[in-house]
Each structure stands twice: as C-alpha cells, then as structure tokens.
1. For B:GLU45, A:GLU129, what's the fewest-to-most ordering of other Cβ within 10 Å of each Cβ?
2. Shape call for the protein assembly as shown from the C-alpha gyration tensor, a ≥ b ≥ c root eigenvalues: rounded (a/c under 1.5), prolate (a/b greater than b/c) or oblate?
3. Here are some pairs, A:LYS9/A:LYS700; A:LYS336/A:LYS733; A:LYS733/A:LYS800; A:LYS365/A:LYS471; which of them have Cα atoms lying more than 28 Å apart in this structure?
4. Given the C-alpha centroids of region A:144-208 and region A:416-489, what is the distance between them in whole angstrom?
5. Would you pull out the residues with amide H under 5 Å of A:ALA312's amide H, same chain only if 5 or more places away, H placed 1.01 Å from N?
6. Counting other Cβ atoms within 10 Å, which GluC sites (Glu not before Pro) in region A:653-731 have at most 16 and lie in a DSSP loop?
7. Give me A:GLU376, B:GLU115, A:GLU308, B:GLU79 sorted ascending by neighbouring Cβ count inside 10 Å, so fewest comes first.
8. With r defined as the distance between the Cβ atoms of A:ASP58 and A:LYS579 and R0 fixed at 30 Å, what FRET efficiency is calculated, to the nearest 0.05?
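What follows draws every value from the coordinates through simple rules; no lab data is involved. No experiment lies behind these values; they were computed from the predicted model shown. So basically every Cβ, Gly included, is an ideal-geometry build from the backbone, and we count neighbours across all protein chains shown.
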Amino acid sequence: MTNHWVDIKNADVVLIMGGNAAEAHPCGFKWVTEAKAHNKARLVVVDPRFTRSAALADYYAPIRTGTDIAFLGGVIKYLLDSGKYQKEYVRNYTNAGFVVNAGYGFDNGIFSGYDPQKRSYDPASWAYEMGPDGYAVVDPTLEHPRCVLQVMKRHYARYTPEMVQKVCGTPPEAFLKVCEYLASTGVPGRVMTILYALGWTQHSQGAQMIRTGAIVQLLLGNIGLPGGGMNALRGHSNIQGLTDLGLLSNALPGYLTLAGDKEQDYEAYIAKRTLKPLRPNQTSYWQNYPKFHVSLMKAWWGKAATRENHWAYDYLPKLDRLYDVLQAFELMSQGKMNGYICQGFNPLAAFPDKAKISAGLAQLKFLVVIDPLATETSEFWKNYGEFNDVEPSKIATTVFRLPCTCFAEEEGSLTNSSRWLQWHWKGAEAPGAARGDAEIIAGLFGRLRALYAKEGGAFPDPIRDLTWPYKVGESPSAEDLAREFNGKALADLADPKDAGKLLARSGEQLASFAMLRDDGSTASGCWIYCGAWTQAGNQMARRDNADPWNDGQTLGWAWAWPVNRRILYNGASVDPAGKPWSPRSHLTAWNGSAWAGSDVPDQRIDAAPDQHVGPFIMTAEGVAKLFVPSGMAEGPLPEHYEPFESPVAANLLSPGNPRSFSNPAARLFAGDAARLGKPEQFPYAATTYRLTEHFHYWTKHAHIPAVLQPQQFVEIGSDLAAQKGIANGARVKVWSKRGYIVAVAVVTRRIKAMDCNGTTVHHIGIPIHWGFKGVANAGYLANTLTPFVGDANTQTPEFKSFTVNIEKA
Amino acid sequence: MDMDRRQFFKACTGGLAGSSLALLGFSPEAVLAETRNFKLTHATETRNTCTYCSVGCGIIMYGLGDKAKNAASAIIHIEGDPDHPVNRGTLCPKGAALLDLVHSQSRLKYPQVREAGADTWTTISWDEALDRIARLMKDDRDRHFVARNGEGATVNRWLSTGMLAASASSNESGYLTHKVMRSLGMLIFDNQARV
C-alpha cells in the first residue's frame, strides 16, 4: 500500500476493484466502514460478482472478468474529455508534459518496437525526446502533440462508454455513475483511495490493470494524500516482507536486482541502475544504488567482498531469463530439475494446472517440504481417489517432510501491507520435535558448508565466505538476523558535511539508509529496512498507538519502511507552494525552513518549494509516470487485451488483429497453448477467489473454519442455472481443458448474466479452499482448472479469468 | 481484609469454597459467573500477529505456564489486541479461531521421509534428514552448477534445484533463507508474491 489501513478513514471516495476487502481483509475493511460513518465517504465497487464488499457499497457496477483496463481506460477518457481532473497536480507532479519521441507509435493493439517472433518489445521508441541540455523535453502547456497528455488523449479516444459496454458488459449508465463518483475527487480537498488485491494481479495483463488504476489516481491528484493512494491489500501475513527482502527469482533485498548474463562488467551493472535525473534539480534517489548494493554485499560476504573483486560481484548468480514458478514447473515437467524445496508453500494447490504440477513433482529426484502442516504437496505421490488419482509405486521422488514452528511458537517481525514491520513474541513450544525455519535453514547450510570444506566441489567460494556472525550458529536468533538486515557501521563514519563529527562508530547499528556508503564501510542486508533495529534498539517492537494529529498516522506504533514513513509520496500532498492541497491534510507542509507534519516528510527536509524538487523522489523524472518509457513488457500505456481463455470471440479495441487478441508480450509455453480452451467447448467465464472463513489451504486443517465452510461449492447465476436445469444445492461438474472438479452449486442472483456485444456471458465463481488433506470435507483442488499462463511482467498466473463448462454431476 | 482478585480465586480453589465464602463476604454466584476470567487470570499473555492475511492484526495469546524453564507452555486462548491501531481488538472469523490452527491435528511433529516408490512415511531423526538432504543438494549442485554460459561468460548459477520460500514466515527467517540460497547460486527461487 502507498498508504495504510487506518488511513482509509480519511477517504471521501473508496473504490474497490480487483479485490473484495470485506471478504478477504475483514478487519482492514472496517476502516472503509469508518470512512463511511465518520467522513461521509462513498464506497464504489466494480466486480463481476455482487460481493460482500458490494453489499456495503453506495454504488455497485458489474464488469466482465479480465476487462478492467477497458473500464478504467474509459474512465481516463471521461476525465480527459470532461476536464474533471486535478490540473495543477497533473501539470506539476506527473509526466503529462514530457514529450515522447517521434518514433513512438501505436497501431491497432500493437505499440512500436514489437517483434512477433520473440513476442516482445524493444522499448527504444517509447523514450522521451531529450533536449540539448541532456534533460527530457517538457511542454508545461501540455499542448505539444507528442506530450504524454496528448498521446494519452489519442490512445484512449477509443475507450467510449459504448465500447466499455460492449467489452465489459457494464451498462453505460452504471459506467457513467462510477465515473462521476471518481471524478468528484479530481479537485483539491476531496480524495479517493483505490483498494485492490489479487483480482488485479492474477491476469495476463495484471500489472497494467494496476497501472491503469494508478493513472486514474494521478489524474485525480490522489497519490500521496491522506485517504488516497494505490493500495495493494496483498495476501499472506508477510508477503510484503518477503517481497521487500527480495525472495524472488530475479531480485535482491530492497528492490535491488540480479545481473543478467550480458552484464559481465560490474561498473556497467551499477551504472544502469544508478538513475540519473531526467530533469534539473531532481532527487532521483536510485542515484544511491551503489551504496545499497555494496552494503548488501558487505552484509553477506564481509571481508571477502572487496573493491578489488567488485564487492564479490561474481558470488551472485546471473540470469539468462526469468526463473519464475511457471518457468520452474515447465523445466520440471521436461525433466530438467532434480530437487525442490517447499518452505511453507503448497504448490500442488497454489499453482495453475494441477495435473502439470503433479507431473512435474513426479519427475524430481527429491522434494523437501518444510511446513507446520501436512500439505497436499507433501503427499502428491499418495492416492486420494478422485481427488488425487496417482500410483505411488510409479513415483520415484524421495520426499522429506520437516516439521516447523507456526507463528505462535516463534518471534520475529512480519511486514503487513501497510509496510509496518511488527515484532511478535513466542508464546509456547512447538509440538514434538518441530524446529524454527531459521534453525532448519542453518542446519542445512552448516552441513553444506562442512561438506564443501571437506570435499571441495563446484565454486565453493560464496558458501565458504558467507558471513555467519550469529551468537548461536546452529540456530540464528531473530534479534541477530534483524540487526543484520538493518545494518551497521564497519568503520567510524565521519559526517561528510563536518569531518570533526562522527555519525556512527564502528560496530554501531545504523539509524537510516542515508548513512550507507559505497566504500565498504557500512553493511546492511536490506537497505529499506535500515532503521528497524537501530542503536536505540528494536523499533519494530514499539507499541505507542498515540495519534496526536487524529489522522491515524501513529508513528510510534511498530516501524514502517522507508524511515518510518506512513504515506509514500506525501510530498505530493502539498501544492507547489508547499501548502497542503486540503486543509484537512497535516502530513507535511513547508514551515519556512523545513518540511514537517504528522508523517515523516517524503522530501529532502530542507528542499524549499522554490527549488522545485519533484515529490516522486524515486523516479528519474521527479514526477509520477502516466506513460512509462521503459519497464513494462507490453507497452508504455495500458491497453486492453482479452484473457488467454476468453468467452468472447474478438478484442473489440483492436478488431481483426490476431496478434493483439491476448497480451502480445505474455509468455505461453507450447505445451500449455494446447491446453487452452475455446469458447465453443468452454463458454463460461470462470474466476477463483477466497472466502472470509478460510485462508487458502490452511484453515481446512482447523476445526472452526472447517465447520463454518465445510463443503466445496461453486457459485452460478440463476439465469445459467435455469438454462442448465441446475437446482440450488445440486452437485455439478465443472471442467476446463485441463481437468474437472465436482462441487455443490450455489445458485445466486449475485452473479448476473452480462451482454457483451451480443454474447451473453455467464460467470462461474470458484472458491479455492478445499483439498485432500485436513479436517474439512475433502474436495478437489480448484487449480485443477486454471491455465498455465501469467502476466507478461510478473508471470503471476491468470487465476481470475479463464473458461469452463458446467453440467449436473 | 486486603485481598486482590487473584488471591481470592486462589482461596476459593484451595478448598475454602462453600461456607467459608460467606465468611469472606462474597456470594458464590459471583464466582460462578467468573469462570472464563478465572482461566485467563492464570495465563501468560504474549503479543503476536495474526498469521493469516496481510492486514497484520494484533493478537494476544493466553498460555499456560509462566515461561519458567521447567514449566511446559501451551496456548489456551487467542483474542484481538485492543491496543492495536488497525484491528482495535477485533478479529475476523478465521482469526478468532486461530487456536484451532495452532493445535491442528495436521501439525507435523517429527521429520519423515517417503522413499522413492513407497506409499508410506517413515519417521527419521533430524540429523538423518538434514544429512541426507545436504548430500542430495551438494551432489546435484556439484554435478549441474553452471560456472560459465555457452559464450564463456561468468554466470555462477545452479538451476537443477529450486525453492519456494514461505511468505508467512518472519522477515528474519526470510532474510536468512535468501542469504543462504543465493550463496549457493540458486535462481529458481520465489515466494507467494509470485502468485
């Protein structure tokens, strides 16, 4: 989240789209209720289903699954045509005036630079026009025909209310009503927040759906303000933390990135990531990349990371492609992987196309499952009849199952979606011989290191030299690890502004990432977490819930990254003169000599307004990007593409172009293309989701949730039920090209048939929570049905839009 | 008589119930009405965070045992933390039932192995489990580690073994997991954020 849960209370309008907070984040959703009750906020919900969030909405509009870009593209057109956007914000705080290269183009669904063989773009033609001064050319009048605002006007001209109706199935009056609610916040003094979750990420164009929402928020001037922002509600309790810590195939801690094969030259690797300002006087905070990177390498390899060996650059692996989970199971199914470790992760249930996942696991030599619970993955080899029909004797994978502690039996920090690192304490011992995750990993690593010391082997250097400064080496404590990712001084750090002054003595914990150096004199395992455990102690364990400004910022509760800031980009909450856009905002204001307020200012503290330092300090532009010159796989502006399995025959926004029916830059493996269905056999749009009583595949192991929602079901609209002769409570078989499930039908008026350009589209809702392990009634893994294709940028699977058929069982 | 509530309950459970209650000046009805608090009065409170979704609700766990070295602890009740700025003491249906997850009959207790082709689990020791896994990992890494790609460029990666990390584990566990796995050259490495 750019903002945070409590801050929702400051909103005037709440848009929930691509999520269902009332169901999936109930205690966070209470702040929507608070905004409605005490801030006269209006809640707008756009969803294929009339959800629990919709039940509390002031206005609900239906939408066909997977068409959110068409809908929000229509909103962008509405705002630009009507002029109901925050013009001063757009002019000063976005790249609306930046002039795009003359080579940029867009033709019937495809942007310039496309290579159909590689299914990828060369983004060179999307770049800004550069001036003779070395900076990007900007037209502050926003009238240059190639400035971003004008490019956007042309791009979204096709996204009319009639087009929205045909593509999304949303009636024009409903669409325009939503536009009016949103546009009401395009003035200083009124703010909207957008709350979204996996309903936006789990599409083949999910990242661009989120960007479309962000563009709407920028046009309305709602980013950086209390009650505003783009708020990813996220999933697991520490999914934010593991993302921050970079546990992803292409990442390093703190959003640093691994090098590619072609980046053999360390200086070039660093230079590419050290973003130089594109406009005069801008912060471009990624200019500090070398400090963050060198401090990470010092934390991991200590004295072995030297200036001479480029801070152990070659100790890190290099990428020849993205090794996301879909790529991993593709390799596995080809027999190219031997080992796999699942730590608190149940891929047989969580990944698409269960049959492919199961076949992949069966090709492994060994599988290691580290979990508090007996998961489906750990027993993928065992026959559970119709729910898991396999023959153990034919599966040669050796499976180890290691019991670990659960939350109640360990201490440490979790980062919630508000970016708060909250410390928790151990309440009891784990059952039996279960061990903590850190102890298990340390046990494996200690053995590996000993084997390499004894026997030698392939490139033992990074294993031999890895720092291990923990007081109890076999079981590193949470305190030791938290101190390490925060970071410390490796030498006395003199103040660069005053050589006689020491900022920190050698060995002391660092107070903030502003203290990090690129000369090897600091170590920090995750630069954005620097400040979590300072010389003053554990900041994550703070429990002062005081809210002196009554705006919900509670700066003394836990610790938020970065530098305890609660609202990102809060420098944009003030006008260019340094005065808050709204008299209700206290986040930050210029007091004549410094920025100060109820939050930690997101600005250089002494950057006076007349210096025109843009509030988006992480971008090279200093402003937010409506148009992205690079970094998005499928284009600089969001464009609607159909899901890979769609119930309609044509993409009406680029008619007649087979290349742009679905995301032209998404990766689809050949074997999986053959496992996609066509509307003739699979006419119904399907979408998977969670229920409030359950959490993924865990709560079926717990009695009360298993009693609250004991039996697998699917939801279908009454129109489809009547057509198919399916009674409420009847058993139905739902199948896709990849497999089938059998479940009870819940016939409901909360899912209505939609008319999309003459095609009647029925949705089938598929809750995900059942499986063949646990205390709830056994059921089918819902991901038996889902397709093996992901978002073009993140490869997050398209769980939210695919097609099925249905019959009485 | 100077007696706090805790001492009062002690007196009652110590066999002084019945007629002596009247001597103490209390009515037995009040004691019967207090049974829930009675249990928690003896419990040790521990602050924690709900393990389910990313709202990060504060919880208070009530445990038997005072955390003394020889006192076995057990969580007996979990409820919302009223001091927490987000949930203010409330929990959702699954959060309110967290205790059932802690004590689930599906909790794993001992390391186990399922040998190739077998249809049952065998319980093994931690040493045997970790020794065997480390051996398998090292042999695989030594055999398949790619120091240089086809063009002779240094790449130092290990692609034949991968890992999924747990996004319900702590930052500290996650950090250590990342540090260790990347030192092995592992690239097939993701957490739930990928899905």
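1. Placing the least packed residue first, the sequence is B:GLU45, A:GLU129.
2. rounded
3. A:LYS9/A:LYS700; A:LYS336/A:LYS733; A:LYS365/A:LYS471
4. 46
5. Long-range HN contacts for A:ALA312: A:THR306.
6. A:GLU680
7. A:GLU308, B:GLU115, B:GLU79, A:GLU376
8. Approximately 0.45, to the nearest 0.05.
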